[in-house]
Structures are given as C-alpha cells and as structure tokens.
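Let me begin by presenting the structure, written as structure tokens, before commenting on it.
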Amino acid sequence: MTLSADLSRALQDAPETLPHSLFGLPDQPSHERVLLAADEATGLKAILAVHSTARGPAFGGCRFWSYPHELAGLQDALRLAQGMSLKNALANLPFGGGKAVILKPAGTFDREALFAAFGRAIDSLGGAYITAEDVGTTTADMRVVRRQTRHVSGIPRDDGGFGGDPSPMTALGVFVSIEAGVKAHLGRSLDGVTVALQGLGAVGWHLAEHLRQAGAKLVVADVNAERVQRAVDQLGAKAVSVDTILAQPCEVLAPCALGAVLNAGSIPALQTKIVAGAANNQLATAADGDALAARGILYLPDYLVNAGGIVSVAREHRGEGSVAAVKAEVEQIRDRVLELLERIKASGNTPAREADAWARSRLVRPV
Ligand code: NAI
C-alpha cells in the first residue's frame with residue numbers, strides 16, 4: 001500500500017492528532033455520514049461531516065482553513081460536527097449536528113468556482129446537511145453556495161428581510177452567559193468586573209462592546225494590532241500580548257479566537273474565576289474540564305454559551321427570523337446557564353461533563 005504524501009507526513013509528524021477512525025471520535029458512536037468531496041477542476045477538497053440527524057437535518061457552518069495535513073482537517077470536521085449536535089440539542093433547535101471543512105488550496109484558486117463546487121457537494125446530500133458561515137468563510141461565499149443549493153443559511157437579504165452574519169447574536173449569547181455566571185458564581189453585576197478577552201474578531205468585538213456597556217473592565221489581545229488599538233481607543237481596553245492574555249488576573253476569561261486553549265499547559269497559569277467565551281472546542285481534552293473544576297474555576301461550556309449564531313441562522317433558514325425574535329431566543333441561553341449551575345449542584349459533576357450528558361440525552365427527535 002502506498003501512503004499519500006499527506007498521510008505519511010501525518011504519521012511521522014503528529015500521530016497524536018490523527019483521527020482514530022474515519023467514522024468518528026474516540027469512545028463515541030460513529031458519525032452518521034462523512035462525505036469526502038473533491039473536484040479536480042476547482043481544487044475543492046471538502047469534508048462534510050454529518051454527526052447526527054436525530055433531531056432534524058444536520059446544521060453547522062463551513063470552515064475554510066489550511067491544515068498541516070488532510071487528516072487534521074478530517075479530525076476538525078468530526079469534532080466540530082459533534083459539537084454542533086450538542087449545541088443544537090441544548091439550544092432546543094429542531095436540527096442535528098454537522099460541519100464542513102474545506103481544505104484551503106495551497107496555490108492560486110478561483111474562490112467563486114470553489115464554493116460553487118462546494119454547494120453542489122452539499123446538494124448531493126439531499127438536505128441531510130445545511131451549511132452557514134464559519135471561520136474563513138464569508139457571507140459572499142454563502143451567496144455563491146446558495147446558487148447551487150437551498151441548504152445554506154446566513155445570507156444577507158437585499159429586500160431588508162432577516163438574514164446574514166450571525167456573529168452579533170453569538171456575542172449576545174456569550175454576554176448574557178457571562179452576566180449570569182458572574183451573578184451566580186461571584187454574587188455581583190458586571191460593573192467593575194475585569195474580563196480578559198482573547199480575540200477581537202466578529203464575535204469578540206461585539207462582546208467587548210456589550211461588556212463595556214455593562215461597566216466591565218477589558219483586557220484584550222489579538223494578533224491583529226489594528227483591532228487591539230481600536231479596543232483601546234474606543235472601549236478603554238488595556239492591551240496585552242497574545243502570549244499572556246490567558247494568564248491575566250481577571251474575574252472572567254473569554255476565549256474568542258481559537259480552539260483547545262484550555263489545556264495542560266495553560267490551565268495551571270490561569271488567574272480567572274470563570275471561563276466563558278465564543279471559541280468552539282475550548283477544552284483540549286475532557287480531562288481539562290476536570291482540571292478547571294479542580295482549580296475552582298467555573299467553566300461555562302462553549303457550545304452552551306455560543307449558540308446565538310446557530311439560533312440566528314436556524315430561524316433565518318426556517319423563514320421565522322426577525323431581530324426581536326432571535327434576540328429573545330438567544331437570551332434564553334441565560335436560563336440554560338442557570339439550569340446547568342443547578343444541575344451541577346445536584347449531580348456534583350463538572351460543568352463540562354454535566355453539559356455533555358444533558359446534551360446527549362437530547363439527541364432525539366424533539367416532540
Ligand atoms: P473571527 O475570525 O472574526 O475572529 C477571530 C479573532 O481572533 C481575529 O480577530 C483574529 O485575529 C484573532 N486571533 C487569531 N489568533 C489569535 C491568537 N493567537 N490570539 C489572539 N487573537 C487571535 O472569528 P469569529 O467569528 O469572531 O469567531 C471567534 C470564535 O468563535 C471561533 O472559534 C469561532 O469558531 C467561534 N464561533 C463563532 C460564531 C460566530 O457566529 N461567528 C458562532 C459560534 C462559535
């Protein structure tokens with residue numbers, strides 16, 4: 001058997017990042033479907049992972065990213081798709097979980113043609129998977145996908161109807177979660193509370209605005225210096241380096257950039273009381289959730305608090321969207337945070353393990 005260059009590189013360089021199976025994640029039931037879609041003419045190489053359709057069609061965004069090797073892309077798609085099942089279940093949405101990863105071509109490519117080919121791949125699943133924007137993709141890409149399939153959401157409307165970038169709603173959900181967590185865990189309002197914010201992108205910026213308005217003090221870091229300067233100028237934030245943001249003394253740490261930031265390396269250095277942010281897959285491993293709890297840090301699971309975006313695109317897709325209706329639904333995340341805190345009091349579980357069990361118990365068709 002001849003290994004592809006990608007696979008042999010993966011085996012040599014990073015065996016720990018290899019998926020243990022093509023079908024799913026370690027110690028978990030298999031995903032329902034995983035489609036590898038390639039299109040020679042456009043350079044498309046995409047992985048469409050349908051984790052579960054038990055609650056309805058699998059709904060989750062499309063990531064466009066450069067991975068060190070194809071299998072890292074597969075691993076990311078599998079993890080993100082499972083995360084969407086849990087997120088959609090806890091958010092009470094009539095959707096299952098899925099995610100797509102497009103491997104960014106190394107050389108030059110025609111972006112429009114590539115996303116058109118991706119749209120055809122989605123359509124071939126006959127509605128089992130519905131896509132939307134995610135890291136590396138834009139609403140313009142989603143418009144291109146829409147020309148090929150109706151199984152896509154998060155598209156701005158020219159007629160003034162509801163649709164488009166879900167990031168502000170994601171930020172709102174994270175904000176109400178932080179507010180509830182601070183009240184329950186620290187017994188105070190956000191006024192004067194220090195929040196360390198990693199990442200001032202689409203979600204992080206809107207979150208920073210909400211926090212500032214509520215009287216929080218902001219400590220921020222981003223690889224994009226311009227965004228940091230804007231936060232300093234407009235929101236009175238204190239800027240720190242990207243290497244030190246996670247270890248800042250604060251009441252709340254809000255990771256809004258990358259996954260796996262809560263790990264064996266970072267957790268011992270944390271100087272926060274609460275972690276709550278938008279980034280997907282913040283815990284590198286399940287054991288890292290235990291390590292946070294052992295340090296007395298309250299972790300509000302990412303897929304519980306960052307569901308505002310999927311609530312938005314789900315309503316848009318069902319034709320039931322309006323800013324007021326989406327806001328009202330997103331604000332219900334606050335109640336679910338409080339419910340989680342009640343549940344962990346009763347069970348003695350860590351928040352991460354309790355949320356996981358709670359979400360998995362809901363991977364059934366809603367009545
Ligand atoms: P974005 O790409 O707009 O923003 C990410 C920001 O993080 C950028 O400003 C980037 O410069 C910064 N960044 C990258 N590496 C960094 C580092 N090492 N240190 C500090 N900053 C760094 O992405 P967006 O949409 O704001 O999403 C943020 C996170 O939230 C992602 O993990 C995404 O998967 C997750 N998420 C986003 C949703 C949405 O509605 N946009 C919904 C649910 C989850």
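Rule-based calculations on the coordinates, nothing more; no lab input. Since the structure is predicted, the reported quantities are computational estimates derived from the model, not experimental observations. Ideal geometry is used to build each Cβ from the backbone, glycine not excepted, and the neighbour counts take in all protein chains shown.
Report, for the chain, the % of DSSP beta bridges that are antiparallel, rounded to 5. Please list the in-between numbers first.
Working: 13 of 40 bridges.
Looking only at bridges with both residues in the chain, the antiparallel portion is about 30 percent.
What Kirkwood Rh does the stretch 104-198 have if only Cα atoms enter the pairwise 1/r average? Answer in Å. Taking every pair of different Cα atoms in the stretch 104-198, averaging 1/r and inverting gives 16.2 Å. Angle of helix 323-347 to the longest C-alpha principal axis of the chain, folded into 0 to 90 degrees and rounded to 10: 70°. Given their separation in residues at 0.36 nm each and the Cα-Cα distance between them, Ala264 and Ser66 gain 68.8 nm when the chain is fully extended.
Residue separation of Val367 and Lys104 scaled by 0.36 nm, minus their Cα-Cα distance, works out to 90.7 nm of gained length. Compare Gly259, Gly160, Gly319 in a GNM of the chain, Cα atoms joined below 10 Å, and give the one with the largest fluctuation. Its mean-square fluctuation being the largest, the pick is Gly160. Taking Pro105, Pro301, Pro29 as the candidate residues, the one with maximal mean-square fluctuation in a Gaussian network model of the chain, Cα springs under 10 Å, is Pro29.
Highest GNM mean-square fluctuation among Asp27, Asp302, Asp191, for the chain modelled with Cα contacts below 10 Å: Asp27.
Counting only DSSP H runs of at least 4 residues, each contributing -39500 (n - 2.57), and dividing by the residue count of the chain, the helix-based mean residue ellipticity at 222 nm comes to -13000 deg cm²/dmol. Seen from Asn280, the other residues with C-beta closer than 14 Å to its C-beta sum to a net charge of 0, counting Lys and Arg as +1 and Asp and Glu as -1.
Would you mind calculating the gained length between Ala328 and Arg360 on full extension (0.36 nm times residue separation, minus the Cα-Cα distance), in nm to one decimal? Write down the numbers at each step before the final one.
Working: separation 32, 0.36 × 32 = 11.52 nm, distance 2.48 nm.
Using 0.36 nm per residue and subtracting the Cα-Cα distance, I get 9.0 nm.
Relative contact order for the chain: what percent, with Cα pairs under 8 Å and sequence separation of 6 or more?
This gives 16 percent for the chain.
Net charge within 14 Å of Gly321 by Cβ-Cβ distance, Lys/Arg positive one each and Asp/Glu negative one each, not counting Gly321 itself?
Numbers: positive: Arg157, Arg315, Arg318, Lys327; negative: Asp159, Asp165, Glu316, Glu320, Glu329.
Net of charged neighbours comes to -1.
Once the gyration tensor of the Cα atoms in the chain is diagonalised, the equivalent ellipsoid follows with semi-axes of 31, 23, 22 Å, ordered largest first. In the chain, the longest principal axis of the Cα atoms and the axis of helix 351-360 are about 40 degrees apart.
For the stretch 129-276, rounded, prolate or oblate, judged on the Cα gyration tensor with a ≥ b ≥ c (square roots of eigenvalues), a/c < 1.5 rounded, else prolate if a/b > b/c? Because a/c hits 1.5 or more and a/b exceeds b/c, the stretch 129-276 counts as prolate.
Pairs of Lys residues in the chain, spaced 8 or more positions apart or belonging to different chains, with C-alpha separations under 21 angstrom: 12 in total. Against the chain, whose longest principal axis comes from its Cα atoms, helix 308-317 is set at around 40 degrees. With the simple model of a label 7 Å out from the Cα in the direction of the Cβ, Glu40 to Glu226 spans 4.1 nm. Compactness check for the stretch 304-367: Cα Rg over 2.2 N^0.38 Å is 1.28.
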